[in-house]
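The values are calculated or read from the model by the stated rules, or taken from the named source; none is laboratory data. This structure is a prediction, so every number in the text was calculated from the model and none was measured. Because the Cβ atoms are built from the backbone with ideal geometry, glycine has one as well, and the counts that use them run over all protein chains shown. Accessible surface areas use protein heavy atoms only, side chains included; no ligands, DNA or RNA. Shrake-Rupley method; radii C 1.70, N 1.55, O 1.52, S 1.80 Å.
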Amino acid sequence: MSPQREIYLDHAASTPTDPQVVEVMLPYFSQIYGNASGLHKQARASARAIDDARHTVADILGCSPKEIVFTACGSESDNIAIRGVAWAQRQAGKGNHLITTPIEHHAVDHTFNQLCDKFDFEQTVVPVDRYGVVNPTDIAAAIRPETVLISVMYANNEVGSLQPVAEIGALARERGIAFHTDAVQAAAYEPLNVDSLNVDLLAISGHKIYAPKGIGILYVRKNTLLLSPFTGGSHENNRRPGTENVPYIVGIAKALELVQAQRPVENTRQEALRDRLIAGVLGTISGSHLTGHPTRRLANHASFVFEGCEADAMLMHLDMAGIEAASGSACTTGMPEPSHVLTAMGLPHDLALGALRLTVGRQTTEADIDTTLEILPGIIEKVRQLDPAYA
Ligand code: PLP
């Protein structure tokens, strides 16, 4: 059986741009197109739009507009934060030790690895438990006198687990260590007040919150030492040079406003869909296991592993049946190795190869979930027949 329309269950990879977001962006392509650095009416109109967007974002994050940096994407926000703070802190003689977790997105962990491999930093990668959650006590134990940066993501992209960010931030603050969180997956579903979260740096990506791809936000707390990895003009408080992408900046601010305003209603609605999906899968498919935390997880996020299943085969069959899903991080799909996240959670290699991530969104309906639950068991059975050992 194939559904009438595609059922899109890959909102953790990307979301459709909200029509209200497109609408506010449109005038900034060919009506108000001035370079915001100029001294004429067109330029002033662009500068005003950026300023308004910065205030909107700052109000949501509970910070000063001066602490908001518009970037090109979530990866760039993570890069500027981590590399910028590590370099500046070391230059100030504060140390060269970094702390992170093994479940971060590659925008974070590859940046840490490069700092260690090429720039003589040292890192401690603090383990997570079987739900993919890091224990703040373990972070505290990893702190050294020369620790200058801690980075722990707000919510994991592959298994949806929420991390105790505020607690970790509190202990980082006590010790005077900069604390960065990658909030790319959390931004649509969790509160973002930077003081309650005790964060010094926080990254957001447009295309995960119903804004377009190619725009991001970085929050940098006042007085945080940061040496931008970019040089050029003095845009974005000297942190991100380059003529501002006005329509996209206007768009991401509107999108953030919308997701945060709709959060109470949408979280309740999407959680019900998520729970229906989880109960349906675990109840009807033998050898299926939920990955990530059973309750402390993103409102839209269901993730599983299936015994005797290969992820790409599952995804291919689902796609042919009209269901669009993922096996984990979109960036690693297609690689034969199991995900670093599932491995860090202690899943056996073979089981970790059978990962499926189903993430609901604004357009997802109960009927979509029920159709998925009708189709999925047959697909799992078919894929299992491809594995002689399992069959
Ligand atoms: N961080 C997390 C947790 C993500 O899930 C992603 C995207 O998948 C990114 C960072 C990168 O964001 P972008 O695609 O905007 O560079």
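Exactly one residue out of Ala255, Ala211 is assigned to a loop (DSSP other than H, G, I, E, B), open to solvent by less than 10 Å² (accessible area, probe 1.4 Å) and farther than 19 Å from Ile80 by Cα: that is Ala211.
Just one of (1) within 16 Å of the ligand (Cβ to nearest atom); (2) open to solvent by 10 Å² or more (accessible area, probe 1.4 Å); (3) under 18 Å from the mean Cα position of the chain (by Cα) fails for Pro229. It is (3). Just to be sure, is Ala203 among the small types (Gly, Ala, Ser), at pLDDT 95 or above and either away from the ligand (no atom under 16 Å from the Cβ) or open to solvent by 10 Å² or more (accessible area, probe 1.4 Å) (or both)? Against the criterion (among the small types (Gly, Ala, Ser), at pLDDT 95 or above and either away from the ligand (no atom under 16 Å from the Cβ) or open to solvent by 10 Å² or more (accessible area, probe 1.4 Å) (or both)), Ala203 does not qualify.
The single condition from (1) within 16 Å of the ligand (Cβ to nearest atom); (2) within 21 Å of Asp200 (Cβ to Cβ) that Pro102 fails is (2).
In region 266-284, the count of residues that are among the β-branched types (Val, Ile, Thr), crowded, with 18+ Cβ neighbours inside 10 Å and not in a helix (DSSP H, G or I) is zero.
Answer with yes or no whether Ala12 is of a type in the set (A, V, I, L, M, F, W, C), under 22 Å from the mean Cα position of the chain (by Cα), surrounded by 14 or more Cβ atoms within 10 Å (Cβ to Cβ) and over 30 Å from Ile323 (Cα atoms). No; evaluated as a whole, the condition is false for this residue. Could you tell me whether region 286-304 includes any residue that is farther than 24 Å from Asn135 by Cα, aliphatic (A, V, I, L, M) and either more than 16 Å from the ligand (Cβ to nearest atom) or in contact (Cβ under 8 Å) with a residue 12 or more places away in the chain (or both)? No - not one qualifying residue is present in region 286-304.
Pairing each residue of region 17-40 that is in the same structural domain as Pro241 (by TED's automatic domain parsing) with any residue that is at pLDDT 95 or above and open to solvent by 70 Å² or more (accessible area, probe 1.4 Å), provided the two are 6+ apart or on different chains, yields C-beta distances under 6 Å for Asn35/Thr243.
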